[in-house]
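No lab work stands behind these numbers, since they all come straight from the coordinates. Computed from a predicted model, the values in this text were never measured in an experiment. Neighbour counts are summed over all protein chains in view; Cβ atoms, including those assigned to glycine, are modelled from backbone coordinates with ideal geometry.
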Amino acid sequence: MSEAIRLLRGDEYDEFLAHALVQYADDMIRAGIDADAARAKSERDHAALLPDGVDTAGHSLYAILDGDTRVGYLWLAERESEMGRNLFVYGIQVDESHRGRGLGRAAMVFAEEEARRRGLPRIALNVFGGNDVARALYASLGYRETAIYMEKAL
């Protein structure tokens, strides 16, 4: 395992979940989704995807470290899609005060290593519109856009 990444401990899960709920909802709100709907969706999705917390089968939660300090998280899961098996990045987050140090890039490289270790041929993820920093990071790592979902409120 990378020096900057370690498995999330059970005693860290509640803090992870509280932060992940807000982060996911905020991403949706910035993308133009109604705030109440975004918060409700975040609650539903996290409850459905992580019913057993850090012990949820098929899901792996990691702490991103800067030295000995936990400064973010990485959430990976093996998934089956129309294109075959993949390692899906459900979430990656680095605290704002620690961004720009290569920690997000290191976490994504770790995800690639983890996919190879598991014998999975690809990594997949979703990124919300307007998240240009994340899109630039993914593009710099060789990711390509395969679909773009758009809508217009009437």
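Residues of region 23-66 falling in the label zone of GLU12, defined by backbone nitrogen less than 16 Å from a point 7 Å along Cα to beta-carbon, are 53-56, 60-66. Taking the Kirkwood radius as Rh and the Cα radius of gyration as Rg, the chain has a ratio of Rg/Rh equal to 0.94.
The spacing between region 60-78 and region 15-34, judged by their C-alpha centroids, is 17 Å. Ordering MET108, MET83 by the number of other Cβ atoms within 10 Å of each residue's own Cβ, fewest first, gives MET83, MET108.
One chain, two ends: ARG79 and ARG101. Fully extended at 0.36 nm per residue, the span grows by 4.9 nm beyond their Cα-Cα distance. Rounded to the nearest 20, the size of the Cβ-charge dipole of the chain about its Cα centre is 600 debye, with Lys and Arg at +1 and Asp and Glu at -1.
What is the extension gain from THR69 to ALA57, computed as 0.36 nm multiplied by their sequence separation minus the C-alpha to C-alpha distance, in nm to one decimal? Could you put the intermediate results ahead of the total?
Details: separation 12, 0.36 × 12 = 4.32 nm, distance 2.68 nm.
Length difference between fully extended and current span is 1.6 nm.
FRET efficiency for the pair ALA35 and ARG116, taken as 1/(1 + (r/R0)^6) with r the Cβ-Cβ distance and R0 = 30 Å, rounds to 0.15.
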